[in-house]
1. Have a look at ARG235, ARG260, ARG198 and point out the one that is surrounded by fewer than 16 Cβ atoms within 10 Å (Cβ to Cβ), farther than 18 Å from LEU132 by Cα and either in contact with a Ser or Thr (Cβ under 8 Å, 6 or more places away or on another chain) or of a type in the set (D, E, K, R) (or both).
2. Looking at the stretch 1-18, which of its residues are touching a residue at least 40 places away in the same chain (Cβ under 8 Å) and under 13 Å from the mean Cα position of the chain (by Cα)?
3. Any idea which of HIS30, HIS71 is surrounded by 24 or more Cβ atoms within 10 Å (Cβ to Cβ), modelled with pLDDT under 95 and not polar (S, T, N, Q)?
4. Please enumerate the residues belonging to the stretch 58-97 that are touching a Gly at 6+ places or on another chain (Cβ under 7 Å) and farther than 21 Å from SER307 by Cα.
5. Is it fair to say GLY145 is of a type in the set (Gly, Ala, Ser), touching a helix residue (DSSP H, G or I) at 6+ places or on another chain (Cβ under 8 Å) and at positive phi?
6. Wholly within the stretch 1-96, which helices (runs of 4 or more DSSP H) include no fewer than the required count, namely at least 3 residues that are among the aromatic types (Phe, Trp, Tyr)?
7. Take the residues of the stretch 41-56 that are crowded, with 21+ Cβ neighbours inside 10 Å and of a type outside the set (S, T, N, Q): which is farthest from HIS105 (Cα to Cα)?
8. Where residues in the stretch 336-345 are part of a loop (DSSP other than H, G, I, E, B) and either touching a Ser or Thr at 6+ places or on another chain (Cβ under 9 Å) or modelled with pLDDT of 90 or more (or both), which of them is surrounded by the most Cβ atoms within 10 Å (Cβ to Cβ)?
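The values are calculated or read from the model by the stated rules, or taken from the named source; none is laboratory data. Bear in mind the structure is a predicted one, so any value in this text is a computation, not a measurement. Glycine also receives a Cβ, built like all others from the backbone with ideal geometry; neighbour counts cover every protein chain displayed.
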Amino acid sequence: METIWFALLALVLSTYVVLDGFDLGAGMLHLFVAKTEKERQQVLRSIGPVWDGNEVWLLASGGTMFLAFPHLLATALSGFYLPIMLVLWLLLFRGLSIELRHQVHDRMWTALWDALLFLSSGLLIVLLGAALGNVVRGVTFEPEGHFFAPLWTHFGVQAPVGALDWYTILVALEAVVVLGLHGALWLGWRTDAEVQERAATLAGRLWWGALGGALACTAASLFVQPRLLENIGERPSVWLAVAPASALLAIPWLLRRGRRRHAFFASALHIYGLLGAAALSLYPWLLPGTSPETGLTIESAKTGAYSLGIGLVWWLPGMLLVLVCQRFVYTRMPEVFSIDDDVEH
């Protein structure tokens, strides 16, 4: 049962990154692909109906941890206190920047919220990437089984480690490129005119960074976390994630043929593959320690057998309701948000 919950947690977290990733990427890129007020409104309209619904998957991830692995949730919330507080503030500013910029028709007002959307979206991606780097690298546990991660220590990967070091920064930069590519492909699919062309051009450039970064992060991960090689040797099923991750290679071919929708879904598949490979390589570890004998596994972090069973009974219909609601929203969005639409927000 705990293995099922591990798989569900990985799936929900990956879905959050895929769905909220494109609107974070679009928010980070909007100052580069949109040069006029109408173009910026066009970008915001493309993510306006879905950005808050996409964040539901972040709440679902926390709920899944609470149901199945409460010890992981409690330990991570206290250990990553500083980064989590930064994430909460950035989520707040991102939401405010989307909802408040159109409330006052003033150039300074809109410029302020445009800048905050760019900064909050970009920094959220950096922190999400750094969080993944911390999970793969591991944290420095105290003898009593807890940890506290400062923002940084010596920028090395040997204990004691902080939330930021050369490895987690490398993963964070790769996250910026991958989700920037994801957002550019969304805009290339869902917008038209100049924004679409600039987004497609930017996507072509970001693709090279995503490819090189994936190779660099893979090599660095195998160096930083020896458990990965051990687990890959014991479970060849990890290689199953290579197929979806390799969807990245199809993106340039799809863009050249004008299949922008398919290119976006190839990007989503690539992200699922990367995160799936990380989860399969770490299993059964949920949060490894920098020392081989420390860390949280699915066994040490799980709740009781009854709670795992009854939690699944409630979790499945809850997630089904989320899927139905999101399908309703996505299917009623226009295929393309045109620059000529006479809609302000």
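1. None of the other options fit; the residue is ARG235.
2. Answer for the stretch 1-18, where residues must be touching a residue at least 40 places away in the same chain (Cβ under 8 Å) and under 13 Å from the mean Cα position of the chain (by Cα): ALA10, VAL12, LEU13, SER14, THR15, TYR16, VAL17, VAL18.
3. Checking each option against the conditions leaves just HIS30.
4. ARG94
5. Here the answer is yes, as GLY145 does meet what is asked.
6. 2-33
7. That would be TRP51.
8. Only one residue fits best here, namely ILE339.
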